[in-house]
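Novice: Quick one: the structure is below, questions incoming.
The values are calculated or read from the model by the stated rules, or taken from the named source; none is laboratory data. Keep in mind it's a predicted model, so treat the numbers as computed, not measured. Backbone-built Cβ (ideal geometry, glycine too); neighbour counts: all protein chains shown. Accessible surface areas use protein heavy atoms only, side chains included; no ligands, DNA or RNA. Shrake-Rupley method; radii C 1.70, N 1.55, O 1.52, S 1.80 Å.
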Amino acid sequence: MVRDLDALAVFALVAEERSFRAAADRLGVTRSAVSQTIRRLEEGLGIALVLRTTRSVGLTEAGEALLAEIRPALSEIAAALGRTATLTGRPRGRLRLAVSSIAERFLSGPFLAAFTDAHPDVDLDITVTDADVDIVADGYDAGVRLGEVIEQDMIAIPVAGDERQIAVCAPSYLARHGAPVHPADLAAHRCIGWRPSPGSAPYRWEFTEEGKDFRVRVPTTVTTNDMALMIKLAVAGAGITFGMEESFRAPIERGELMPILEAYSPYFAGFYLYYPSRRNLAPKLRALIDHLQASRAGWSSPAS
């Protein structure tokens, strides 16, 4: 197929120049190479396309008909190649990302706004999802997830430092119910849980004790897929909730929430931007990677 397209392009150039030599000069090849290409094309089609004389080159009736048919298509191909070539320069086009809903640093307004300001020709198309997304099959340029769940064949770049999941509640809740001493004590408390979708089981809270990980199925007063609602309810004193420490950073700093059971919440590898290959990386994705790496310098690790 590629040889056929090349031969048709050579044929169209010969027709345009009405000269084998001129076509050869434009292509940077020998006159003999152009002549052989046309001969193979004619042999493959079983009909003469070019009329050769000692003084000029013309087209047969079949050649004129073929040229009329292929000229629009060759123009479209040339235009498409030109448009694609522009993508190798300045970052531009739609950048599709699948991002975990709890990747707070990446989803922060200032981070994304700064990127769009720096690259006005890039349109961000962000799907916030906690589903197990196949970014290649689903047509995404990249994704952002916790490092522990990213496939080994992906290229992964850390978004920030280590993260951890913690249990939190409002001071008013502690005043009424007291604080659990061990994760097992959560069975006697009011809890605000999370699940990714209506048909899925509530997420079990994860803790670590003496180097061993374990999960706790907590009794939930409220279960939702919306972290913002979980935080609002916890701040209002409705119960204990659980999630990424970064999600609770602002209400903790304001004194609205307090971490509990911290001894059972060690740090682990956090979120990563990941994509399938370094080969022929699109400028729009390279721009996002560069922006992320520059921004990380100003993001202190929560473990530090």
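Novice: Which is farthest toward the positive dipole end of the chain among Leu95, Ala156, Leu107, measuring Cα position about the Cα centre, with Cβ charges +1 (Lys, Arg) and -1 (Asp, Glu)?
Specialist: Value computed over the given set: Leu95.
Novice: Residue by residue, what Karplus-based ³J(HN,Hα) values in Hz, rounded to whole numbers, does segment 142-151 have, using 6.51, -1.76 and 1.60 with θ = phi - 60° and x for Gly and Pro?
Specialist: 6, x, 9, 8, 5, x, 5, 10, 7, 4
Novice: Calculated from DSSP H runs of 4 or more alone, at -39500 (n - 2.57) each and per residue, what is the 222 nm mean residue ellipticity of the chain, nearest 500?
Specialist: Counting only the DSSP helices, I get -12000 deg cm²/dmol.
Novice: Got a sec? Which residues in segment 243-284 would a label at Asp162 touch, if it sits 7 Å along Cα→Cβ and we count backbone N under 20 Å?
Specialist: 243-249, 259-273
Novice: Long-range amide H contacts for Thr129: which residues qualify at under 5 Å (H placed 1.01 Å from N, peptide plane, sequence gap of 5 or more or a different chain)?
Specialist: Val99, Ser100, Ser101
Novice: Next up: Considering the options Val14, Tyr264, Met244, tell which one lies farthest towards the positive end of the dipole of the chain, charges being +1 on Lys and Arg and -1 on Asp and Glu at the Cβ, about the Cα centre.
Specialist: Value computed over the given set: Val14.
Novice: Roughly what angle does helix 283-296 make with the longest principal axis of the chain, taking Cα atoms, 0 to 90 degrees, to the nearest 10?
Specialist: Taking Cα atoms only, the helix is inclined about 30 degrees.
Novice: Kindly express, to the nearest 10 degrees and within the range 0 to 90, the angle between helix 109-118's C-alpha long axis and the longest C-alpha principal axis of the chain.
Specialist: The helix 109-118 is inclined about 20 degrees to the chain.
Novice: Taking amide H atoms as placed 1.01 Å from N in the peptide plane, list the residues 5 or more away in sequence, or in a different chain, whose amide H sits under 5 Å from that of Val50.
Specialist: Thr60
Novice: Here's something else I'd like to know. Which is the longest stretch in the chain that no exposed loop site breaks, taking sites as trypsin sites (Lys or Arg not before Pro) with a DSSP loop state and at most 10 other Cβ atoms within 10 Å?
Specialist: Longest stretch, sites excluded: 56-253.
Novice: Could you look at the chain and say what percent of its accessible area is carbon and sulfur, using a 1.4 Å probe and all protein chains?
Specialist: C and S atoms contribute 51 percent here.
Novice: Here's another thing I want to ask about it. Given R₀ = 45 Å, FRET efficiency for Glu262-Ala294 by Cβ-Cβ distance, to 0.05?
Specialist: Plugging the Cβ-Cβ distance into 1/(1 + (r/R0)^6) gives 0.90.
Novice: Determine the percent antiparallel among the DSSP beta bridges restricted to the chain, to the nearest 5.
Specialist: Approximately 60 percent, going by the DSSP bridge assignments.
Novice: Name the residues whose placed amide hydrogens come within less than 5 Å of the amide hydrogen of Trp194, ignoring near sequence neighbours (fewer than 5 apart) on the same chain.
Specialist: Hits under the 5 Å cutoff: Tyr203, Thr224.
Novice: For segment 1-141, what does the accessible surface come to per residue with a 1.4 Å probe? Please give it in Å².
Specialist: Computed with neighbouring chains in place, this is 61 Å² per residue.
Novice: May I ask you to list the GluC sites (Glu not before Pro) in segment 144-176 that are in a DSSP loop and have at most 16 other Cβ atoms within 10 Å of their Cβ?
Specialist: Passing both the DSSP loop test and the Cβ count: Glu151.
Novice: For helix 31-45, what angle does its Cα long axis make with the longest principal axis of the chain, in degrees from 0 to 90 and rounded to 10?
Specialist: The two axes meet at around 80 degrees.
Novice: Which of rounded, prolate, oblate describes segment 163-268, given a ≥ b ≥ c as roots of the alpha-carbon gyration tensor eigenvalues and a/c under 1.5 marking rounded, otherwise prolate only if a/b is larger than b/c?
Specialist: rounded
Novice: A further question follows. Rounding to the nearest 20 debye, state how big the charge dipole of segment 85-155 is about its Cα centre with +1 on each Lys and Arg Cβ and -1 on each Asp and Glu Cβ.
Specialist: The calculation lands at about 380 debye.
Novice: Another question, then. Which one, Ile231, Val181, Phe207, is farthest towards the positive end of the dipole of segment 163-268 when Lys and Arg carry +1 and Asp and Glu -1 on their Cβ?
Specialist: Ile231
Novice: Now, a different point. Of all beta bridges DSSP finds with both residues in segment 163-268, what is the antiparallel percent, to the nearest 5?
Specialist: 70
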